[in-house]
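Read through the structure below, which is laid out as structure tokens, and then see the notes.
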Amino acid sequence: MSISRLNPADRARYARQIRLSGFGESAQAALLDSHVLVIGAGGLGAPILSYLAAAGIGTITVVDPDVVELSNLHRQVIHSEATIGTRKIDSAQERMTEVNSSIEVRTIPQLLTPDNALGLFDGVDIVVDGSDNFATRYLANDACEILGIPLVWGTILGFDGQVAVFDAKHGATLRDLYPEVPAPGSVPDCSVAGVLGPLCGSIGSAMAMETIKVLTGIGTPLFDSVAIHSSLDAGWETVPVRPNPGRPPVTDLEQHRSDYAQHSFDSLHTEGDVGGDRTEPNTEDSALGPATLTWADIDDGAILVDVREDDEVASGMVPGAIHIPMAELLADPDRLPGQQDPKQQSALALYCRSGVRSAKTAAQLRSQGIGVASINGGYLAFLSQPTPQRR
């Protein structure tokens, strides 16, 4: 990247950080010339985006198809009550430009998938992963390894959090820290386990700081190490991570496509796609119809059932869908319409936020002989379509 000269407005805006010993105008110019891509505008994304915008990152691209919900506001402090029901990227962009109108904020209302990751990452200086699921984390890690881009990674669970910087050129990656992708549902997300807002702030702010360190060359970034934070005792511990010499390098996302399907957003179809190979249902499931569908597979006559919780659907549903929360549906499957009509029964399709809960629900119902399918990617995949609508 070329280093820009600071103008008087830059010197005034960033005066306090320019004065830092070892930072100066050269580091500030490096930030202004940088392009950072941030995955997610949620709990981690909120502090990451806020501080990177304020620090003067010249170009920030935000990738997130989700919408703001009331239950987000206790931790996703970049949003407000006024933005409930709007896209998170739009809410975040508005707030970021209010803080710093001199930077460029680009927004991409899509899920990160194996089909778009390399294209979205191409040309950026660093990727910051504020996502909330393992499929996206491993996909981001692998795409960065292929492109030779550093990745700032963070995660929270309960009262604890972790932060690291992965760069295959410098050493360890996520696959060296955690070689195996956890099975879907084996680790609860914040919607199940809960989360406190200040923890998101602590981890997200640390991720923003690591991003600035990598871009400017100040300090010692968390290469080959992971910082572990316990919020209840205010402790930080740094643990070394070493590259696994026996791990083959990631050179093609197709090699690991099954890892990216852990949260069921694989094989998304958008307008203009032509067919493509689909996984055929197992013989034992054929009488019940396919176990999974994409939004492109949904016919006009299909009955859609939203299995999210009440607070989740308050911010929006797929037009024409009916709402039966997962626990209520499993407790009383007779609430599904068309149970006496096998033809109508086979047209039942369930969706949740990302496809995990609907897949679990569909599996249990199918074990009872009920012909339902789970929609890959759930509501986020629906929002990722160029023009989200019921087909």
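Between the Cα long axis of helix 45-55 and the first principal axis of the chain there is an angle of about 30°, rounded to the nearest 10.
By its C-alpha gyration tensor, with a ≥ b ≥ c as the square roots of the eigenvalues, how is segment 34-254 shaped: rounded for a/c under 1.5, else prolate for a/b larger than b/c, else oblate? Rounded.
Determine, for the chain, the count of lysine pairs separated by eight or more sequence positions (or lying on different chains) whose alpha-carbon distance falls under 28 Å. Step by step, the pairs that qualify in the chain add up to 4. For ASP33, what charge total do you get from the other residues with a beta carbon under 14 Å from its beta carbon, if Lys and Arg give +1 and Asp and Glu give -1? Charge balance in the 14 Å sphere: -3.
Largest GNM mean-square fluctuation across ARG353, ARG308, ARG19, computed for the chain with C-alpha springs under 10 Å, falls on ARG19.
Could you tell me the calculated FRET efficiency between HIS170 and SER80, based on Cβ-Cβ distance and R0 = 45 angstrom, to the nearest 0.05?
0.70
Placing dummy labels 7 Å off each Cα toward the beta-carbon, the span from ASP252 to ALA234 is 5.3 nm.
Taking amide H as placed 1.01 Å from N in the peptide plane, the amide H of THR107 sits under 5 Å from that of VAL62, each at least 5 places away or on another chain.
Residues whose amide H comes within less than 5 Å of that of ASP33, counting only those at least five positions distant or on another chain, are SER4, GLY58 (H built at 1.01 Å from N in the peptide plane). Extending 7 Å from Cα along the Cβ direction at THR220 and again at ARG335 yields two label points whose distance is 5.5 nm.
State whether segment 1-116 is rounded, prolate or oblate according to the following rule on the C-alpha gyration tensor (a ≥ b ≥ c being the square roots of its eigenvalues): a/c under 1.5 gives rounded; otherwise a/b larger than b/c gives prolate, and the remaining case gives oblate. Judged from the Cα gyration tensor, segment 1-116 comes out prolate (a/c at least 1.5, a/b above b/c).
Where does helix 134-147 land angle-wise versus the long Cα axis of the chain, in degrees 0 to 90, nearest 10? In the chain, helix 134-147 runs at an angle near 50 degrees to the longest axis. Once semi-axes √(5λ) of the Cα gyration tensor in Å is calculated for the structure shown, the corresponding label among (i) 39, 22, 19; (ii) 32, 25, 19; (iii) 30, 28, 22 turns out to be (i).
Once backbone amide H atoms are built at 1.01 Å from N, ILE303 has LEU348, ALA349 as its partners under 5 Å, excluding neighbours fewer than 5 places away on the same chain.
Computed from the coordinates by the stated procedures, all read-outs in this text should not be read as laboratory data. Everything quoted here is computed from the prediction, not taken from an experiment. Cβ: placed from backbone, ideal geometry, glycine included. Neighbour counts: every protein chain shown.
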